[in-house]
1. Using the Cα atoms of the chain to build a convex hull, what is its mean projected area in square nanometres?
2. Which lysines, on any chain, are close to LYS162 with Cα under 24 Å apart, when same-chain ones fewer than 8 places away are left out?
3. Mind listing the long-range amide H neighbours of TYR173? Cut-off is under 5 Å, sequence gap 5 or more, other chains count too, H placed in the peptide plane at 1.01 Å from N.
4. Over all pairs of distinct alpha carbons, what does the Kirkwood formula give as the hydrodynamic radius of region 90-148, in Å?
5. Give me Rg over Rh for region 115-196, both radii from the alpha carbons and Rh done the Kirkwood way, two decimal places.
6. At 7 Å along Cα-to-Cβ for each site, give me the label-to-label distance between SER54 and ASP145 in nm.
7. For the chain, give me the percentage of DSSP beta bridges that are antiparallel, rounded to the nearest 5 percent.
8. Quote to one decimal, in nm, the extra length available between ALA20 and LEU189 on full extension: 0.36 nm per residue of separation minus the C-alpha distance between them.
Amino acid sequence: MKINNAIFVKSSPKWNLCPAPVLPEYAFIGRSNVGKSSFINMLTNNNKLAKISSTPGKTQLINHYLINKAWYLVDLPGYGYAKAAKTVRSQFSTMISDYIQNRSNLVYLCILIDSRLQPQQIDLDILYQIGEAAIPFLLIFTKIDKQSMTTTKENINVFLQKVAEYWEVLPPYFISSAVTKAGKEDFLLFLEKTNKCLIEN
Ligand code: GTP
Ligand code: MG
């Protein structure tokens, strides 16, 4: 699939202020700095679409991007940003959990995981909450350009073993690098197939 049109629609502080839930949407969550905004820019070939920063905590609202005039990509604030004030942190988690639980047109919640790290408790906790709420999710392992493919695969296996402790069926998962654009075509193909299924059913 080609993305020929990507338009920023709005930033919302709450799920019920987001655009009307009439088009399918895919939202990206993950720890601050994991690469959510960079991933959206890579998919859309537009480095200026979502704001990127080397300082964690850049994305602070729910950002909707309309793709090919037919569906949304959604950039969410990161979680686990230790330096954010406690009140701000709890606002973020309420904002995110309300969005996840109430957004009726959410097709997949895409959870980004840093491929360089051993499983982080906060990611596993979030995964568990999402699973309990029966929300369809998938995993994207980011920043694979930072190490060898062997190390990436080892780290992914360790993470998936943790996931398998909770779920019998593993979620779809993808690798990505916003630097080399690895994983981009695979993910776009997945979106294309999923969108097609939605139209047919
Ligand atoms: P918040 O909005 O703060 O939650 O962060 P985010 O998850 O949106 O991360 P963002 O896309 O802003 O990227 C954070 C930093 O990681 C930036 O310096 C990016 O350039 C860098 N980065 C993101 N993806 C990759 C990647 O695949 N490879 C490398 N090497 N750097 C990346
Ligand atoms: Mg961001």
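The values are calculated or read from the model by the stated rules, or taken from the named source; none is laboratory data. Since the model is a prediction, treat every value here as computed from it, not as a measurement. All Cβ positions, glycine included, derive from the backbone under ideal geometry; neighbour counts span all protein chains shown. All accessible areas refer to the heavy atoms of the entire protein, side chains included, with ligands and DNA or RNA removed. Shrake-Rupley method; radii C 1.70, N 1.55, O 1.52, S 1.80 Å.
1. Mean orientational projected area (the chain, Cα hull): 10.8 nm².
2. Correct list for LYS162: LYS36, LYS143, LYS146, LYS153.
3. LEU139
4. Evaluated on region 90-148, it is 12.7 Å.
5. So for region 115-196, dividing Rg by the Kirkwood Rh gives 0.97.
6. Each label point is offset 7 Å from its Cα along the Cβ direction, giving 1.4 nm.
7. So the antiparallel bridges in the chain amount to around 35 percent.
8. So the extension gain works out to 58.3 nm.
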